[in-house]
Amino acid sequence: MRPCDSILGTNRFTARTRPGCSTNPPPRSRVRIDPYQRPRARAHQRAELREGNSLVLLRNGYATFADWLRAIRGAERWIHLKNYIFFDGEIGRAFADALAERVEAGVTVRVLYDWYGSWDANTTLWRDLRAKGVDVRTINPPQLSEPLGVLRRDHRKLLAVDGVYGSVGGVGIADPWLHEDPESGLPYRDTCVAVTGPAVADIEAAFAGVWDLNGTPLPDAERPKAEEIAATTGQTRARVLIQEPGKMRVSRLLQVLTASVEDRIWIADAYFLADRILREALIAAALDGIDVRLLLPSTNDLRLFGAISRASVRPLLEAGARIWEYSGPMMHAKTIIADGWCARVGSTNLNLTGLMTNWEIDVIVQDVEFGLQMEEMFLDDLNHAEELTLDGRKVRGGSGRRRMRGLATGAGPQGTTSVASLGTALAQGALSDALSRSERKFDAGAGAAALVGALVIAKFPRLFALPVAAVLGMFAATGLARALRIGRHPRGTGGPARNHEVNAQRADAREH
């Protein structure tokens, strides 16, 4: 029996707090910033607020896989599945079997997978799915005509079924999401959310947008509109935030959120390496007395990235933010809960690729009950995490009263740290042994690599000159070709012929 055939994971959980634990949330603020004010509306950009949704928080792989498989097996019209990670293992084959079974039942099944993210999937898996009638498309394979295209990954994890069910989050379709630490029993941590109601239309639209870029457009019959989806008995308000390369919608939302938070903002992230703007916004919030907490992995599946991430957090600790490292196999969740009522669950990591170059999807929930569940889950995770502290110092909490702040916080007099001064900040003070050890390893490794590289290039300059020239020449040719193409057809997306082809495909899709 495959693991997911017997999955009975729960969607809810009971938080456990140790006696005397200092992780209890402060009293709720009596002042609530209006979420519909203009700055936040601009930050959301095209993320319409949808009323009348029901949301279920899915904790970890077992609960997520069980919910997704139930939705797939109950599909009657179509299944739209997109996942950055789709590996050929026990879980991957269980999903493949469920998808193939629905094709046999007459359901249209479409799957998108990212070429890089799913590199470990056996080609036999995709061949078998296609042979059984599943429409499978690959996203963003390497192309000589666009060498930098490999930097833009479709990192989303989403499932949409029949226009009535949608789910997004951080869970990949792979066996690691079922792993538990053999000693502690702690699971591979991740979080998704299941949605029913009008917001499902926006999850469907996210799938359709990338599907259209990779072949024949999706038929209109598989593009439900929010007004066509009946509201559920739930009253939850939610927005689906669709991130596209270069748009930085999540980054703008986080800037507004950190500027308007009143009491607390708690963040869980797998690969935290915030840009200057977000880092300084979090520092300013901590200096103002906001309860800023970060939950990161102790053991990162990308070891180098984990070392870099840990080496970057000293300015936040010095400002008064509190940082924990989860003791289980991996903390892969991407969540935020602010003031106990504004929550985010999705696929976006708080680093350069997540905030700028990838396709991502997040659900923004504005609901006290859902926020309470998120806070309970966060506090429960802290019970299984170790806190990073400044050695011999108390973490400062600021004045305890929030002052008014704008979005630009880098020039303030509160000692916020910019990227230019990050090296100085990293050289000051003494951190706990774990953090200091990580910094030493990172600095030593980076310094040694730079030294070796400099010596090799100095010793063999001609050996490196030709490859560099070839790469620059390729970029130059690509740029000039694109400039000429755009100059000939400034209003199109590939010229009249391509526009005519796309229009014809859309017309044909509508007929079917």
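Of note:
- Sorted by Cβ neighbour density within 10 Å, fewest at the top, the residues Arg264, Arg293: Arg264, Arg293
- Exposure proxy for Glu204, Glu227, Glu76, Glu376: other Cβ atoms within 10 Å of each Cβ, ordered fewest to most, give Glu227, Glu76, Glu376, Glu204.
- Hz values of 3J(HN,Hα) by residue in the stretch 153-168 - Karplus curve (6.51, -1.76, 1.60), Gly and Pro given as x: 9, 8, 8, 6, 10, 8, 9, 9, 10, 6, x, 10, 9, x, 8, 9
- For the stretch 110-232: span of alpha carbons on each principal axis (Å, largest first): 50, 44, 32
- Solution diffusion estimate, µm²/s, Stokes-Einstein, the stretch 172-321, Kirkwood Rh from C-alpha pairs, 4 °C, viscosity 1.567 mPa s: 69 µm²/s
- Going by neighbour counts of Cβ atoms within 10 Å, the residues Cys192, Cys342 line up, fewest first, as Cys342, Cys192.
Every number here is computed from the coordinates shown, using simple stated rules; none is lab data. Bear in mind that the values here come from a model prediction, so they are computed numbers and not experimental data. With ideal geometry, Cβ positions are generated from the backbone for all residues, glycine too; neighbour counts draw on all protein chains shown.
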